[in-house]
Amino acid sequence: MSARSTAHPSASAPTAGSGPLRIVVVGAGAAGSLVVFHIARLVAAGSAGNSNTAGNSNTAGSGGDRPSVDVTVVDPLDPVSGPAFGTADAAHLLNVPASGMSVVPGERFDFVTWCVDEGLTSPDDAMYFFAPRNRWARYLRTRLDEARAATGDRLRVTHVRSTATGISVDASGVRVTTADGSAVVGDRLVLATGLPGVGDGWSPCD
């Protein structure tokens with residue numbers, strides 16, 4: 001599994017009553033999707049977007065007509081479609097067995113159970129089953145959808161399908177400039193750019 005992300009705080013936290021905590025995630029691959037997944041779990045548990053963790057009076061459990069956390073993902077690709085897990089070839093396998101690929105904290109064998117339920121392997125072989133990478137991508141998307149659904153109206157996720165070209169920080173927060181010249185503004189920034197694109201420079205010319 002290859003997923004890398006870096007979190008950057010803004011110059012100042014949002015003030016009480018200023019609206020939902022705004023988080024910008026650059027990258028929609030495995031790293032970025034895992035960030036959104038864990039944010040959703042925190043929101044569903046009522047421990048994200050409240051006055052203690054975000055400087056925001058609109059708590060995760062307060063309901064109302066506004067979300068407590070507003071996430072914007074910037075990436076031209078679909079979720080979990082980067083170089084590591086975007087392959088459609090079933091012959092491209094994970095380099096870690098299913099027993100080491102759960103995304104759910106405290107449930108080490110969640111992916112093992114999912115593989116068995118999906119009919120990918122038998123219960124006897126599941127622990128050491130090396131699943132196709134595109135199946136793990138499907139698993140992460142499934143768990144992400146479930147986590148988002150559990151937040152109700154407390155989490156809003158927007159996908160900006162463009163490439164991030166620049167980042168600046170000022171007193172109002174972080175600003176991510178995209179390839180089309182627009183900007184996404186937030187209170188927190190996560191760089192989840194993951195791996196570089198897959199090249200073929202290593203292959204013989206013929």
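The values are calculated or read from the model by the stated rules, or taken from the named source; none is laboratory data. The shown structure was predicted, so the numbers you read here are calculated from the model rather than taken from an experiment. Note: ideal-geometry Cβ built from the backbone for every residue, glycine included; neighbour counts use all protein chains shown. In case anyone asks, the SASA skips ligands and DNA or RNA and just uses the protein heavy atoms, side chains included. Shrake-Rupley method; radii C 1.70, N 1.55, O 1.52, S 1.80 Å.
Just to confirm the filter: which trypsin sites (Lys or Arg not before Pro) across segment 120-206 are DSSP coil and have at most 15 other Cβ within 10 angstrom of their Cβ?
Of the trypsin sites (Lys or Arg not before Pro), the ones in loops of segment 120-206 whose Cβ has at most 15 other Cβ atoms within 10 Å are Arg161.
In sequence order, segment 104-109 has phi-based couplings of 9, x, x, 10, 4, 9 Hz under the Karplus curve 6.51 cos²θ - 1.76 cosθ + 1.60, θ = phi - 60°, and Gly or Pro positions carry x. Amide H to amide H, with H built 1.01 Å from N, His159 comes under 5 Å of Val73, counting only residues 5 or more places away or on other chains. Surface composition of segment 70-206: carbon and sulfur make up 53 percent of the accessible area, probe 1.4 Å. Each residue of segment 172-187 was assigned a 3J(HN,Hα) from its phi angle through the Karplus curve 6.51 cos²θ - 1.76 cosθ + 1.60 (θ = phi - 60°); the sequence is 8, x, 9, 10, 10, 8, 10, 4, 8, x, 7, 9, 10, 10, x, 9 Hz, with glycine and proline shown as x.
In a fully extended conformation the segment linking Leu195 and His38 would gain 54.5 nm over its present Cα-Cα distance, using 0.36 nm per residue.
For segment 112-206, state which chymotrypsin sites (Phe, Trp or Tyr not before Pro) are in a DSSP loop and have at most 16 other beta carbons lying within 10 Å of their beta carbon. Sites meeting the loop and neighbour criteria: Phe130, Trp202.
All C-alpha pair distances within segment 65-206, sorted into 5 Å bins from zero, spread as 2, 8, 14, 16, 16, 15, 13, 9, 5, 2, 1, 0, 0 percent across the bins.
For Val24, nonlocal amide neighbours, meaning residues 5 or more places apart or on other chains whose placed amide H falls under 5 Å from its own, are Thr72, Asp187, Arg188, Leu189, Val190. Each residue of segment 163-168 was assigned a 3J(HN,Hα) from its phi angle through the Karplus expression (A = 6.51, B = -1.76, C = 1.60, θ = phi - 60°), giving 8, 6, 10, x, 9, 9 Hz with x at Gly and Pro.
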